[in-house]
C-alpha cells in the first residue's frame, strides 16, 4: 500500500426529465419524496455527465473537479454518498497492475473525482441528477460494490433526489417507499429505451434574467406552506402514476401526453400555491404551451406533450419524428434565432430532424409560414431572442462504463485533471 | 297609459375586488359558486358604473346602451335579471307628473337602460360586476321593488356572479348558499367602508397583448378538469373565509395580507391546474409580486397585500397612506412611464398620494433610488411600458341613487341616450 499506483474508472450517465413530477420531501436529509415520480431518460449523446473516479495511496484527501474547476466535497450530500459507498466497498484486485485493495482499505484511501457535463450546468437541465448518478455509478464500479442498480439508486438519491432515476434508461419510476431509513425509496426501470422507439424530444432552452428559486428551498417552502400539495401527493399522484404506467406500457401517446402536461401544470400550480409564490415558468414558457395546446387541439389528438422543471425551459416530447419536424417548424416560426445567431448553433443535438423539417438554413426559417391552426394575426407573432437554443434528442440508455483511456478526465499517472 | 311620459332613475355602483376568490360555479345558469368569497368595494369616485334606467309607454322594446353604444339584451343573463325584477315590481305613483304604474303594468312596459363605466371596460377591472349591480339597483328603485339589498344581490348574481358583492360598500361576503334555487346565495356586508379607514389601494393596469380566457369559460374548464379545485373549495376556502372575517373585524393587517395573497395565488394555481392551463398573470405580474414580497419581508411585517383577478392587473392594498406612498415609490422605480407619457395621466384616481411620495413630476420619478431592500443590482431593473397606468383609490361605499338630473345618461323627454 506504499506504492504510487492509480486505479480509475470512467462512467457516462444520462440526465432525465420527470413526466410525473417529484416535488416535496418527507425527509430532508435522506431525501425521501412525498410521492412517486416517473421520468424518461434522455439520450446521453446530447445530455450527459461523464465522471472519472480514481483511488491511489498517493492521494491525501478526497477531491473533486466539476467542469474543470475544483469544488468542495464537504457538503452533506456528497458526504452521504461517499459514506454509503465506502460502507459497501469490496475487495478489488488488478493482477496486471499488481494492485490489491482490501475491503477495510477503502475507509483510509482517498478519492479523486472529475466530472463534466456536455451541456451548460446553468441551463437548468437537471445537471445534478446526472452528476450524482454518475458519481455513484462510477464509484460503485471502482469500489466493486455488489449492490444492483436499484440499490445504488437509493445512494444516488441521497445526493440529489432525481439522480436516482438516472441509473436506468428508458422510462423509470422512483418508488417513494415507506421505510423510515429510505431503504425502499429506490428507482426501477419500467421499460427500456427500445420499448417506445418513436418518441422524439425537443428542448427549448428559454432565456431568463430572473433568478430562480433552487428546487431544494422551493420544495421545502411548498411543503411548509401549500395547502394543495398534500392533496396532490396523496390523492392525485397515486392514481396518475398508475395511469402513466399503463400509458407507457401500451405506448398510448394520447394518455401519455394528457398526463404529462397535466402533471407539469399541477407541479407549477403547487409552486404558485406556495408562500411566497414560486414562478418557474415565464411568458415564453406560456407561449410555448399555448402553441402546443393550439396545435394538439387542431389535430384532434395530441402530437406533442410538454413538461417544465424548476425553470422556464420546455421539454417537448413528440409522438414521432414527423410530429417533431412539424413541432420544430412551429417553434422556429415563433421563436427564430436572434439576427446574430446561425442555425447550426441554434438547433443542437440530433440535427437530422432539421432536414425532415425542410430547414437547412436561416433562410428556410425566415420563409416559414404561420402554422395553419393560427386563425388570428395576433397569434402569429414572432419572438426572436426568447429562446436561447433548442436541443433535439430522444429517450436514451442508462449509465455505462467507458473503457477507452482517452475519455478519462483524470491523468492515469497523477490522478489529477488532464 | 297612453301618454308620452318618461320615468327615470340614475344610480352609481362601485366595482369590487375579491380578497377570497370566487372561481367555479356549481350551477351555471343560476350562477351559484362552489365556495364563499369576500371582497372589498372600491371607491366609486375612481371606479364605478353609472346607469340610468327609464320606463315609458312610448318605448317599443327593452333597449340598452353601454358606454354610448347599443348592445343586445337578448342574452340569458340580462333576461334573467329583467325577469326577476319585473316579477317583484310594485305600484309606482308620481303625483307631480301625474303618472301611475300598476304592478301588472310592468310586464308590458318596456325599459331603456344606459350604462357608463368611468374606467376602461377592457382593462379587466370587474366592469361586469359594477354593471350588473348598477342595472339591478337602478331598476329596483325605478320599479319600487321592496326587497332588501341582500335579496337584490341574488338577482344581480344572475347577471354576473361577482356583481352581487357590489351592492354593498366596505367588506362584503358572498355566501355560497345551499338551496338549489339559489335563493340563499346572497351577499351581505361584513363591515362598512368606515370600519377600516386606513387602507389605501393602488391598482397597476398591466399592459398585455395576450388574449385572455374569459372568466366564464375559464371557471367552467377549471371545474371540469382541475383535480385541485374541489379540495380548495371544500377544505381550504371555508377555513380561510372565517380567518379573513376575523382579520377584517380586528383590522389585523398582517393576517389580512397573508390570506389575501395566499388566496390570490391559489386561485391562479387552480387556473394553472386546468386543462388546457389558464395563465392570467404574466411576467410583469410576477415582478410586482416579487417587489411586494421582498419589501414585506424586509419590513418584518406586511405593508401591502396583492391580489390578481382574471387578468394581469395587480390590486395592491396598502396598510395605510404611508405604506401606499412607499409602495408607489417602489412601483414607479421599477415601472416608470414610457417616455411619451406624463405623470398626470400615468397615475390617476386619488393623486394626492403622489405628493406624499414626493413625486410631483417625471423628474422625481427619474430620480428615484432603488428600494433599500434590494441587495443585488440585477433586481434593481426598470421596465418602462410594462404598466399602462396606475389607479390610486380606497375602499368605498355601496350603490347610491343620483338625484341630479344632469347626471342622467338618458334624455328625460325622449328616454334616449343624451
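The values are calculated or read from the model by the stated rules, or taken from the named source; none is laboratory data. Since the structure is predicted, the reported quantities are computational estimates derived from the model, not experimental observations. Note that each Cβ is placed from the backbone with ideal geometry, even for glycine, and that neighbours are counted across all protein chains shown.
Within region B:222-238, the set of residues being more than 17 Å from residue B:278 (Cβ to Cβ) and at the interface with another protein chain (Cβ under 8 Å from one of its Cβ atoms) comprises B:231, B:235, B:236. Is it fair to say residue B:350 is in contact with a strand residue (DSSP E or B) (Cβ under 9 Å, 6 or more places away or on another chain) and either buried (at least 19 other Cβ atoms within 10 Å of the Cβ) or farther than 25 Å from residue B:248 by Cα (or both)? Answer is yes for this residue.
The test for being in a loop (DSSP other than H, G, I, E, B), in contact with a strand residue (DSSP E or B) (Cβ under 9 Å, 6 or more places away or on another chain) and either buried (at least 24 other Cβ atoms within 10 Å of the Cβ) or modelled with pLDDT of 95 or more (or both) does not hold for residue A:159.
The set of residues from region A:28-43 being part of a loop (DSSP other than H, G, I, E, B) and surrounded by fewer than 24 Cβ atoms within 10 Å (Cβ to Cβ) comprises A:28, A:29, A:30, A:34, A:35, A:36, A:43.
On the given criteria, is residue B:301 away from chain A (no Cβ under 14 Å), in contact with a helix residue (DSSP H, G or I) (Cβ under 7 Å, 6 or more places away or on another chain) and farther than 18 Å from residue B:392 by Cβ? Yes, satisfied. Can you find even one residue in region A:254-268 that is more than 21 Å from the chain's Cα centre (by Cα) and more than 10 Å from chain B (Cβ to nearest Cβ)? Within region A:254-268 (the criterion being more than 21 Å from the chain's Cα centre (by Cα) and more than 10 Å from chain B (Cβ to nearest Cβ)), the answer is yes, since at least one residue qualifies.
Checked against (1) more than 14 Å from chain A (Cβ to nearest Cβ); (2) within 23 Å of the chain's Cα centre (by Cα); (3) surrounded by fewer than 24 Cβ atoms within 10 Å (Cβ to Cβ), residue B:326 meets all criteria but (2).
Remark: pairs (first residue in region A:246-259, at pLDDT below 95; second residue surrounded by 15 or more Cβ atoms within 10 Å (Cβ to Cβ) and assigned to a loop (DSSP other than H, G, I, E, B); Cβ separation under 6 Å; 6+ apart in sequence or on different chains) are absent. Those residues that are in contact with a helix residue (DSSP H, G or I) (Cβ under 7 Å, 6 or more places away or on another chain), part of a helix (DSSP H, G or I) and either modelled with pLDDT under 85 or buried (at least 19 other Cβ atoms within 10 Å of the Cβ) (or both), I need them from region A:100-127; list them, please. Those that are in contact with a helix residue (DSSP H, G or I) (Cβ under 7 Å, 6 or more places away or on another chain), part of a helix (DSSP H, G or I) and either modelled with pLDDT under 85 or buried (at least 19 other Cβ atoms within 10 Å of the Cβ) (or both): A:106, A:121, A:127.
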